[in-house]
Amino acid sequence: MPIPPEIEVIINRLNQELNSIEQKAREGSNLVRSILSIFSDNAIIIQYFAYLNAGLLFVETSRRQIQITIELISPDDVTALEIQEAGEDLGNILGRALETKIRVERIIHNLEELQ
């Protein structure tokens, strides 16, 4: 069964957000590394570094979850309930992605202020 258009919209939005998080988290990691070389004992900078790495891990695990969800709703005998649950799961991932993106952007802003 083809993936319903409503689910495709969520998947496409998720992929866009995950790509953005990945790009920004990598950018932030580069910034934080240079600052860590100067302030190696600064707890806030270390937390930023940890959160940016957690953001990259979130991207990786979310992409796996999306793929698993696609595989679950692809068979011809998938039920409407399974499709609804998949949409809810993807919506939850999207919510977490938006929260992660906002936090990563704030961290980058704070890091840029330090330079």
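The values are calculated or read from the model by the stated rules, or taken from the named source; none is laboratory data. Just so it is clear, the model here is predicted, and its values are computed rather than measured. Neighbour counts run over all protein chains shown; Cβ positions are idealised from the backbone, glycine included. Calculation scope for accessible area: heavy atoms of the full protein, side chains included, ligands and nucleic acids excluded. Shrake-Rupley method; radii C 1.70, N 1.55, O 1.52, S 1.80 Å.
Rounded to the nearest whole Hz, the Karplus-based 3J(HN,Hα) values (6.51 cos²θ - 1.76 cosθ + 1.60, θ = phi - 60°) of the range 68-76 follow the sequence 4, 4, 4, 5, 6, 9, 7, x, 5, with x at glycine and proline.
In this simple spin-label approximation, Glu85 and Asn53 carry label points 7 Å from Cα along the Cα→Cβ vector, and these lie 3.5 nm apart. Summarising the label geometry, the points placed 7 Å from Cα in the beta-carbon direction at Glu60 and Glu105 lie 2.6 nm from one another.
As a fraction of the 1.4 Å probe accessible area of the chain, surface on carbon and sulfur atoms comes out at 54 percent. Between Ser74 and Asn12, full extension at 0.36 nm per residue minus the direct alpha carbon distance yields a gain of 20.7 nm. Sequence-ordered 3J(HN,Hα) estimates for the range 20-27 from the Karplus curve with 6.51, -1.76 and 1.60 and θ = phi - 60° stand at 5, 4, 4, 4, 5, 5, 5, 4 Hz, glycine and proline given as x.
In the assembled protein chains, Ser40 presents an accessible area of approximately 70 Å² (probe radius 1.4 Å).
Answer rounded, prolate or oblate for the range 1-101, using the Cα gyration tensor with square roots of eigenvalues a ≥ b ≥ c: rounded when a/c is under 1.5, else prolate when a/b is larger than b/c, else oblate. The shape class here is prolate.
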